[in-house]
Amino acid sequence: MALLNVLQYPDKRLRLKAANVLVVDANIQKIVDDMFETMYAENGVGLAATQANIQQRIVVIDISEDKKSPLCVINPEIIACEGTQYEVEGCISFPGMFDKVERAEKVRLRALDRDGKSYEIDAEGLLSVCIQHEVDHLDGILFMDHLSRLKQDRMAKKIEKERARAME
Ligand code: GNR
Ligand code: NI
């Protein structure tokens with residue numbers, strides 16, 4: 001297993017669109033395992049391959065307290081959604097940035113597991129938010145894109161300032 005480097009905004013590679021996984025083979029399983037290790041090391045509840053500069057439709061999620069409920073999500077499809085919720089989100093690619101985002105309240109997810117087997121689950125609350133946040137990443141969409149232009153500009157400026165300070 002190995003830790004992967006996580007891209008940080010404003011890295012343009014976060015905007016790349018990931019391609020479907022054609023076969024879930026040992027190569028893909030290695031990426032999945034490395035992504036879980038990286039997500040746990042970063043204290044995240046999810047990680048999309050795009051964040052690790054891998055342009056394949058692979059996501060790992062674990063929203064449990066004890067971090068013993070890994071969910072492997074390959075080629076995710078949100079096949080139904082219902083309602084709306086408005087909750088605070090963060091992102092490993094935006095350290096220290098948080099804001100409320102409007103999402104569907106419930107989603108039905110279809111995906112492949114680590115063995116390449118298709119499954120479907122219904123999700124609500126944080127799991128539903130996380131699924132939508134991660135599928136966005138695979139399409140090059142970031143949580144800040146859901147904010148008002150004013151909030152986007154403020155967040156970009158704040159990040160720019162912090163980067164400038166870190167360079168001193
Ligand atoms: O760790 C994460 N926490 C989180 C909290 C609220 C809504 C979404 C998330 S996802 C984030 C990890 C991450 O950046 N995944 O792409
Ligand atoms: Ni994220």
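Structure data summary
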read-out: The chain: calculated mean residue ellipticity at 222 nm from DSSP helix runs of at least 4, using -39500 (n - 2.57); value: -9500 deg cm²/dmol
read-out: Loop-located chymotrypsin sites (Phe, Trp or Tyr not before Pro) in region 33-141 whose Cβ has at most 15 other Cβ within 10 Å (DSSP); value: PHE98
read-out: Gaussian network model of the chain, Cα within-10 Å springs - most flexible of ILE121, ILE31, ILE78; value: ILE121
read-out: Alpha carbon centroid spacing (whole Å) that separates region 12-38 from region 56-100; value: 16 Å
read-out: Accessible solvent surface per residue of the chain, calculated while the other protein chains remain in place, 1.4 angstrom probe, Å²; value: 56 Å²
read-out: Relative contact order computed over the chain (Cα-Cα under 8 Å; 6+ residues apart), in percent; value: 22 percent
read-out: Protein accessible area in the chain, 1.4 Å probe - carbon and sulfur %; value: 50 percent
read-out: Listed residues GLY140, GLY96, GLY46, most fluctuating in the chain (Gaussian network, C-alpha, under 10 Å); value: GLY96
read-out: Phi to ³J(HN,Hα) by Karplus 6.51 cos²θ - 1.76 cosθ + 1.60 over region 86-92, Hz, x for Gly, Pro; value: 9, 10, 5, 10, x, 7, 4
read-out: Degrees, to the nearest 10: 149-167 long Cα axis against longest axis of the chain; value: 80 degrees
read-out: Straight-distance crosslink candidates among lysines, where the alpha carbon sits under 20 Å from LYS151 and sequence neighbours closer than 8 are dropped; value: LYS12, LYS100, LYS161
read-out: Top of CYS91, CYS130, CYS81 by mean-square fluctuation, Gaussian network on the chain, Cα under 10 Å; value: CYS81
read-out: Trypsin sites (Lys or Arg not before Pro) restricted to region 85-168 and DSSP loop, no more than 11 other C-beta within 10 Å; value: LYS117
read-out: Reachable lysines from LYS106, criterion Cα separation under 24 angstrom, eight or more residues apart if same chain; value: LYS67, LYS68, LYS117
read-out: With Cα atoms, 0 to 90° folded angle of helix 26-41 axis to the chain main axis; value: 40 degrees
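The values are calculated or read from the model by the stated rules, or taken from the named source; none is laboratory data. As the structure is a computational prediction, the values presented were derived from the model and not from experiment. Cβ sites come from the backbone with ideal geometry, for glycine too, and all protein chains shown count toward neighbours. The area values use the complete protein model at the heavy-atom level, side chains included, leaving out ligands, DNA and RNA. Shrake-Rupley method; radii C 1.70, N 1.55, O 1.52, S 1.80 Å.
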